1. When you look at Met90, is it surrounded by 11 or more Cβ atoms within 10 Å (Cβ to Cβ) and either under 13 Å from the mean Cα position of the chain (by Cα) or under 22 Å from Leu27 (Cα atoms) (or both), yes or no?
2. Could you list, in sequence order, all residues of the range 63-89 that are of a type in the set (D, E, K, R) and more than 15 Å from Gln109 (Cα to Cα)?
3. Looking only at strands (runs of 3 or more DSSP E) that fall completely inside the range 66-139, which ones have 1 or more residues that are acidic (Asp, Glu) and at pLDDT below 95?
4. Does the range 59-77 contain any residue that is charged (D, E, K, R), touching a residue at least 40 places away in the same chain (Cβ under 8 Å) and loosely packed, with under 15 Cβ neighbours inside 10 Å?
5. Here is a check on your reading of the model: is Phe38 modelled with pLDDT under 90 and aromatic (Phe, Trp, Tyr)?
6. Any residue that is among the acidic types (Asp, Glu) and touching a strand residue (DSSP E or B) at 6+ places or on another chain (Cβ under 7 Å) - is there at least one of those in the range 89-99?
7. Would you please list the contacts, defined by Cβ atoms under 7 Å and residues six or more apart or on different chains, that run from a residue in the range 123-152 that is hydroxyl-bearing (Ser, Thr, Tyr) to a residue that is part of a loop (DSSP other than H, G, I, E, B)?
8. Could you say whether any residue in the range 1-22 is under 21 Å from Tyr74 (Cα atoms), part of a helix (DSSP H, G or I), at pLDDT 90 or above and in contact with a helix residue (DSSP H, G or I) (Cβ under 9 Å, 6 or more places away or on another chain)?
Amino acid sequence: MDDPSYTAPITPLTPSVRIEPATLDDLPRLVDMTMALFELEEDFEPDRNRQERGLRAILEQPNRGRIFVVRTDYEIIGMVNVLFTISTAMGGFVILLEDVIIHPDFRNQSYGTQLIDYVIQFAKRKDFCRITLLTDKISAESQRFFQKLGFQHSHMIPMRMTFES
């Protein structure tokens, strides 16, 4: 894999909408978006301080992952969190895809599809072996969305052990 800290070029979607890496200046909006996402999910309790710490850790250490955003000239309307790890099963670097969200006012306009396509192309360019994502099991809509993009159900099921911080 090439240097994972190198970020893909900015991809314009329209003259005023583009996909690009998030920066620390984007942190307040990213926190707002993850708060909205976690309010929808059963497994997570929204916590502004935790979300900010997690997002900051990714933004400050790009060798751990990336946050890509869909940005207009005025605001961020979507985001995805891409974390890097190594799979012994695959024999190389893999991506864990988290926190995929498009603002409700901008859904069904292909921004989510283009954002995931951007991540897929990034993964291929950087020779990642696999992308794994978790989607809420009660959300048939999000499962259909990811299946349409080529993701398949796995025989693996997630299990967690959580530690209070």
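The values are calculated or read from the model by the stated rules, or taken from the named source; none is laboratory data. Model, not experiment: these values are computed from the prediction. All Cβ positions, glycine included, derive from the backbone under ideal geometry; neighbour counts span all protein chains shown.
1. no
2. Within the range 63-89, Arg64, Arg66, Asp73, Glu75 meet the criteria.
3. Here the list reads 92-102.
4. Among the residues of the range 59-77, at least one is charged (D, E, K, R), touching a residue at least 40 places away in the same chain (Cβ under 8 Å) and loosely packed, with under 15 Cβ neighbours inside 10 Å, which makes the answer yes.
5. Answer is yes for this residue.
6. The answer is yes; a qualifying residue exists.
7. Ser142/Thr135; Ser142/Asp136
8. No, the range 1-22 has no match at all.
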